[in-house]
1. Out of ALA287, ALA311, I need the residue that is within 17 Å of the chain's Cα centre (by Cα), surrounded by fewer than 23 Cβ atoms within 10 Å (Cβ to Cβ) and part of a loop (DSSP other than H, G, I, E, B). Which one?
2. In the range 314-350, which residues are of a type in the set (D, E, K, R), crowded, with 23+ Cβ neighbours inside 10 Å and outside any loop (DSSP other than H, G, I, E, B)?
3. Cβ-Cβ distance below 7 Å, separation of 6 or more or different chains: which pairs start in the range 35-54 with a residue that is under 20 Å from HIS418 (Cβ atoms) and end on one that is acidic (Asp, Glu) and part of a strand (DSSP E or B)?
4. Of ALA402, ALA451, which residue is touching a Cys at 6+ places or on another chain (Cβ under 8 Å), within 21 Å of VAL280 (Cα to Cα) and part of a helix (DSSP H, G or I)?
5. TYR273: without any contact (Cβ under 8 Å) to a residue 60 or more places away in the chain, touching a Gly at 6+ places or on another chain (Cβ under 7 Å) and more than 15 Å from PRO161 (Cα to Cα), yes or no?
6. Does any residue in the range 447-462 that is under 15 Å from PHE359 (Cβ atoms) come within less than 6 Å, Cβ to Cβ, of a residue that is hydroxyl-bearing (Ser, Thr, Tyr) and at pLDDT 95 or above six or more places away or on a different chain, and which pairs are these?
7. Every residue in the range 102-127 that is part of a helix (DSSP H, G or I), under 21 Å from the mean Cα position of the chain (by Cα) and not β-branched (Val, Ile, Thr), please.
Amino acid sequence: MTATILEPDTHTRARTGSEYAGQQSQNVQAGVRRTDFRVIAQHMFSLMMRNVASDGFLFEDPVEPGRFSAPGCVIAAPSYPANSPGVDQDYVFNWTRDAAITAMELAAADIPTRTASGVAPLEDYVRFAAICQGNAIPTLAHACFTIEGVSRPWTEQNDGPALQTLALLQAFSQLDEPTQTLARQVIGRNLDFLIEVYQQQTTNLWEEHSGYSFFARSAQLRCFQAIAANTIGITVPAGCQAAISWLQNALASHWDGSRYLSLIGDGQPPYGYDPNIDIVMAAIYGAVPVTDTRLLATAAQLRAQWADPSAATVYPVNLADRQLGVGPLVGRYPGDTYDGDVADPVPGGHPWALTTCNFAELYYRLAGLIRGGTALPHDDLSAPFFTQIGVTASTSPQDAAAALEQAGDQMLQAVIYHSDNLELSEQFDGTTGFCRSVSNLTWSYAAYLSAVRAKTGIGVQG
């Protein structure tokens, strides 16, 4: 069943170069007052697919003309400095993590199969993953590849092979037999690697610091749990159950008494790195249960730091949006300075589309569990999380689920309201709300699609 909510006019508008510098332009298009998230998801899916290469839809390297993408390449965004005023980053590359998250949405969509074959975009993804895996230098955790599948000098991130394996498992039934055989080979190599490194430090989700990453550990745990339960003939590696137990204990060690820490270990990140949104993302893409009250305690602090009027890190756009009944938008962490231009850091950073969608999905998943009979996970730790949306320990399950869904709706509505005619950049300006940083970020669309599936239980028609 499709749900609709009554909201203010959507805030879609054309993007100009000045917006990337944080200056506001005039609205050029009034939106509809009723927002059907599933209808918009169909558009978001098409926008996401513009960043997925096939044999009939190629990308040319903007830095090296004449070099073209291999089918299955998923570029992070079509944005590079020459076409993005105020941005000095080139995103025309395939990140293992971003591509895996995109492939999960391809697998969740209802994409028609070819005659006597499987789903073409997924089969392309498997083949490109194998190319990248064969070219990975120095390890299988290498995070970033050219559009041809060659290692780009970058970081090693141990969540990548885990998320790639999860994507391949999700896609497996939609592959033809030869591609299934190749997928098993890619998964097997990933598992051989992960079973050796899961106890080690790694570069974190935001590619800024190294340590014991909560997000990476959660992704690895979910991967090992899925492999242990697989029924498609993937050999469960020796030590898998031991790895599951070890990672569960390791995740618990990130609790500092009031929140989960994003990174622990030798090189502690600077002050202002916590609370970090990658904790919520570890529940969306990893194995942390959304009913974990320590997770919910951390999520409450995350929302408060960007939405509470008394917080030093509040985004002004959230104060304006509150008057409209939408939001809040959320960022990465309070000390963030990245806005797509590393040469010109912005203290406090900006909210991101994908992080806001992931937070909305946390609300939706929790609402779904409560409607399904799970007890409200309300205790002293999670009380602030529920208080933020008007839920107490005595609230009925039905009303609690409705409040959670409404909170998710308000976040997704803010994403749509501040989009550029439904196109999503990496970030929104924390003051004006306009799209900024790199344009048409693939992960932004994938995160929106995932959130809508969590709300409705229905995928898009691919």
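The values are calculated or read from the model by the stated rules, or taken from the named source; none is laboratory data. Note that the structure is predicted; figures quoted are calculated from it, not measured. Here Cβ is always computed from backbone atoms with ideal geometry, including for glycine, and neighbour counts include all displayed protein chains.
1. ALA287
2. Once the filter is applied, which keeps residues that are of a type in the set (D, E, K, R), crowded, with 23+ Cβ neighbours inside 10 Å and outside any loop (DSSP other than H, G, I, E, B), the range 314-350 yields only ASP321.
3. Here the result reads LEU47/GLU423, each pair linking the range 35-54 to a residue that is acidic (Asp, Glu) and part of a strand (DSSP E or B).
4. Result: ALA451 is the single residue among ALA402, ALA451 that is touching a Cys at 6+ places or on another chain (Cβ under 8 Å), within 21 Å of VAL280 (Cα to Cα) and part of a helix (DSSP H, G or I).
5. In short, no.
6. ALA454/TYR364; LYS455/TYR364
7. Passing the criteria: ALA103, MET104, GLU105, LEU106, ALA107, ALA108, PRO121, LEU122, TYR125.
Conditions tested, residue by residue: (1) more than 27 Å from MET44 (Cβ to Cβ); (2) hydroxyl-bearing (Ser, Thr, Tyr).
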position: PRO347; (1), (2): yes, no
position: THR356; (1), (2): no, yes
position: GLU361; (1), (2): no, no
position: THR374; (1), (2): yes, yes
position: ALA383; (1), (2): yes, no
position: GLY390; (1), (2): yes, no
position: ASP409; (1), (2): no, no
position: ASP420; (1), (2): no, no
